[in-house]
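One structure is given here, and the rest of the page talks about it.
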Amino acid sequence: MQNFRIGFGYDLHRLVSGRPLMLGGVHIPSDKGLAGHSDADALLHAVCDALLGAAALRDIGFHFPDTDPQWKGAPSKVFAVKTLELVREKAFEIGNIDATIIAEAPKLNPHFPRMLASLALLFDMNPGDVSLKATTNEGLDATGRGEAIAVHAVALIYRKPKETE
Ligand code: MG
């Protein structure tokens, strides 16, 4: 029997002028981008937290603290690759990832093929095991007013139990 674990991740970053919008390691054309110490890719951050959570490996802030200058302006792809390494060090493989992005604008569906391909590549997964959804907050709260983008993600990881000696 295989050992299955699930994890949940959440992230939110403020939308500001003068920053590129990065989601899933992909640049999305937009007049605003996400503010943060790294490239503020909320999708990659939420997925990394889901994977780390599934493996009981703390969170993204523990492994890549925003007080550490080496992560200033860092592409979050680096966090994704390192997270995959951490998960595999514990002998887990990724089963699937599912994420919901809450954004009033821009419309994300046209960019999903590129974002899905990027996630599959970064986390070394079959494209069919990665899922993205987009929704709005109906004009309510900070995400609804277009002041932020939030992401919820879940991930399933698995490993075969060690052979008994
Ligand atoms: Mg973040």
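Here is how the numbers come out for the structure above:
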item: Those residues of the range 24-81 which are aromatic (Phe, Trp, Tyr) and within 12 Å of the ligand (Cβ to nearest atom), in sequence order; result: Phe64, Trp71, Phe79
item: Selection status of Arg5, basic (Lys, Arg), touching a residue at least 60 places away in the same chain (Cβ under 8 Å) and more than 21 Å from Lys133 (Cα to Cα); result: yes
item: Residue count for the range 80-118, restricted to those that are under 13 Å from Gly7 (Cβ atoms) and of a type in the set (Gly, Ala, Ser); result: 2
item: Selection count, the range 82-118, where residues are over 11 Å from the mean Cα position of the chain (by Cα), within 16 Å of the ligand (Cβ to nearest atom) and of a type in the set (A, V, I, L, M); result: 2
item: Pairs, first touching a residue at least 60 places away in the same chain (Cβ under 8 Å) in the range 35-56, second more than 10 Å from the ligand (Cβ to nearest atom) and of a type in the set (Ser, Thr, Tyr), C-beta under 6 Å, six or more apart; result: Leu51/Thr83
item: Subset of the range 8-23 [within 14 Å of the ligand (Cβ to nearest atom) and touching a residue at least 24 places away in the same chain (Cβ under 8 Å)]; result: Gly9, Tyr10, Asp11, Leu12, His13, Arg14, Leu15, Leu21, Met22, Leu23
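Quick grid of which residues meet (1) farther than 19 Å from Ala40 by Cα; (2) touching a strand residue (DSSP E or B) at 6+ places or on another chain (Cβ under 7 Å); (3) crowded, with 16+ Cβ neighbours inside 10 Å:
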{"residue": "Asp68", "(1), (2), (3)": "no, no, no"}
{"residue": "Trp71", "(1), (2), (3)": "no, no, yes"}
{"residue": "Leu86", "(1), (2), (3)": "yes, no, yes"}
{"residue": "Glu89", "(1), (2), (3)": "yes, no, no"}
{"residue": "Lys107", "(1), (2), (3)": "no, no, no"}
{"residue": "Phe112", "(1), (2), (3)": "no, yes, yes"}
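Here, each number is a calculation from the coordinates, and none is a lab measurement. It should be emphasised that the depicted structure is a prediction, and the values quoted were computed from it without experimental measurement. Every residue, glycine among them, receives a Cβ derived from its backbone with ideal geometry; neighbour counts consider all protein chains shown.
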